[in-house]
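Only one structure is covered here, and it is reproduced in the block below.
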Amino acid sequence: SLNAALNFGAGPAKLPREVLLQAQDELLSYKNMGMSIMEMSHRSKEYAQINTNAQNLVRELLNVPDNYKILFLQGGGTGAFAAIAMNLMSKTGIADYCVTGTWSLKAAKEAAKYGTVNYAFPVAKKPGYIPDPSTWNLTPNASYVYYCANETVDGVEYHYIPETNGVPLVADMSSSIMTKEIDISKFGVIMAGAQKNIGPAGVTVIIVRDDLIGNAMKICPSVFDFKNIEANQSIHNTPATFSVYVMNLVFEWIKKNGGVPEMEKQSLRKSQHLYDTMKNSGGFYSCPINENCRSRMNVPFRVGGDGGDEALEKQFLVEAERLNMHQLKGHRSVGGIRASLYNAVTYEEVDALVSFMLQFQKNHS
Ligand code: PMP
């Protein structure tokens, strides 16, 4: 069917309709050249222009200062876990990891292959909170401090930037980049897989401060060496050209729609609508995450009272699908429901989900 589904998937996730239509329009003949951008050399001037434009838009949309470089890598967020360690760890051989959920734990385990990983606080058995920064055990001479700004699986988001007393701060913003204004100068490195808020899978954006480039370990593959990627403007080898092309269209779309400040405003409005619905449900819907770190992007909840009623949750998903609402199932590791509200998801779509939730509660309580 050509009717767009209401897509609440966690990633790969919904892309703006306008972007898909433009990609469709240009699919067979990019700029009247009689071939697709997919079929063109990554050394062509057409691709070079897309690549440069996309980097310029990251700089513009996020107000990236001049002393930071913007790189495009392959290997996904998971590749970046290793790349970050291999580029930064050599300074002292120690890095601090703040583990607040699934993705920061994976990052810590990957980094431990390349140096000593210190956990800033104990790993929670059940994620859902962030220990107060005053209790963190940070290493004064750490090469960097790492955290995940938004835990996609668990629905835990930092609503502040951690203070590290001069140690470079590294953030995984795979599921929150370009949804919130941030002071880039507070960071050493920001990494983000594109497939949630800014594009399709296949490209990872790295924003890195100048002085952190050029220290890669000898074993670091050339495709992950920030210095090499920077020197080649992210065309060291064949990039995921089509993914970068679509990501560039998404950047143009964000710019046209009010930029990051507007994305932030909408994200608050959309997520608040869902959290309010839960709060007013008399316990029928519940969110297991501490109120001070609830995510604007990934909203996990249980149906049918505390801890959730699995049969009712199954029924919830069946009825949602009948209404064309898709990818609402919680991650297999946590269960329940998860609604992801990335940039391309509209308030009207969230409102449709809320209407369904109200009706479902009426019918089943
Ligand atoms: N970090 C975060 C916050 C993520 O949500 C994900 C993937 N969903 C990853 C890292 C890993 O990304 P990838 O699957 O591209 O390796």
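Beta carbons closer than 9 Å, at least 6 apart along the sequence or on distinct chains, pair a first residue in the stretch 164-184 that is free of Cβ contacts under 8 Å to residues at least 24 places away in the same chain with a second that is of a type outside the set (S, T, N, Q) and open to solvent by 20 Å² or more (accessible area, probe 1.4 Å) for Asp183/Ile161.
Criterion first (hydroxyl-bearing (Ser, Thr, Tyr) and closer than 20 Å to Gly282 by Cα) does Ser365 satisfy it?
On the way: hydroxyl-bearing (Ser, Thr, Tyr): yes; closer than 20 Å to Gly282 by Cα: yes.
Spelling it out, Ser365 is indeed hydroxyl-bearing (Ser, Thr, Tyr) and closer than 20 Å to Gly282 by Cα.
Which residues, counting only those in the stretch 1-33, are of a type in the set (S, T, N, Q), surrounded by 12 or more Cβ atoms within 10 Å (Cβ to Cβ) and in a loop (DSSP other than H, G, I, E, B)? Across the stretch 1-33, the qualifying residue is only Ser29. Check whether at least one residue in the stretch 195-204 is free of Cβ contacts under 8 Å to residues at least 60 places away in the same chain and either away from the ligand (no atom under 16 Å from the Cβ) or farther than 15 Å from Asp225 by Cα (or both), and report yes or no. No, the stretch 195-204 contains no residue that is free of Cβ contacts under 8 Å to residues at least 60 places away in the same chain and either away from the ligand (no atom under 16 Å from the Cβ) or farther than 15 Å from Asp225 by Cα (or both).
Of all residues in the stretch 130-140, those satisfying the criterion of being open to solvent by 80 Å² or more (accessible area, probe 1.4 Å) and over 15 Å from Cys293 (Cβ atoms) are Ser134, Asn137, Pro140.
This table checks each residue for (1) at positive phi; (2) of a type in the set (Val, Ile, Thr); (3) open to solvent by less than 30 Å² (accessible area, probe 1.4 Å); (4) part of a loop (DSSP other than H, G, I, E, B).
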| site | (1), (2), (3), (4) |
| --- | --- |
| Phe121 | no, no, yes, yes |
| Gly128 | yes, no, yes, yes |
| Ser143 | no, no, yes, yes |
| Tyr147 | no, no, yes, no |
| Tyr160 | no, no, no, yes |
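Restricting Ile161, Ile130, Ile184 to residues that are touching a Pro at 6+ places or on another chain (Cβ under 9 Å) and either farther than 19 Å from Lys91 by Cα or modelled with pLDDT under 95 (or both) narrows the list to Ile184.
Checking the structure you have, find out if any residue of the stretch 272-291 is open to solvent by less than 60 Å² (accessible area, probe 1.4 Å) and under 23 Å from Ser185 (Cα atoms). Checking the stretch 272-291: not a single residue is open to solvent by less than 60 Å² (accessible area, probe 1.4 Å) and under 23 Å from Ser185 (Cα atoms). On the stretch given as the stretch 175-194, residues that are farther than 18 Å from Ala107 by Cα and within 16 Å of the ligand (Cβ to nearest atom) total 4. Looking across Ala82, Ala95, one residue alone is in a strand (DSSP E or B) and of a type in the set (Gly, Ala, Ser). It is Ala95. Lys113 satisfies every condition listed in (1) open to solvent by less than 10 Å² (accessible area, probe 1.4 Å); (2) in a loop (DSSP other than H, G, I, E, B); (3) without any contact (Cβ under 8 Å) to a residue 40 or more places away in the chain except (1).
The values are calculated or read from the model by the stated rules, or taken from the named source; none is laboratory data. All of these numbers come straight from a predicted model, not from anything done at the bench. Quick reminder, even Gly has a Cβ in these numbers, built from the backbone with ideal geometry, and neighbours come from all protein chains shown. Note: accessible area is taken over every heavy atom of the protein model, side chains too, but ligands, DNA and RNA are not part of it. Shrake-Rupley method; radii C 1.70, N 1.55, O 1.52, S 1.80 Å.
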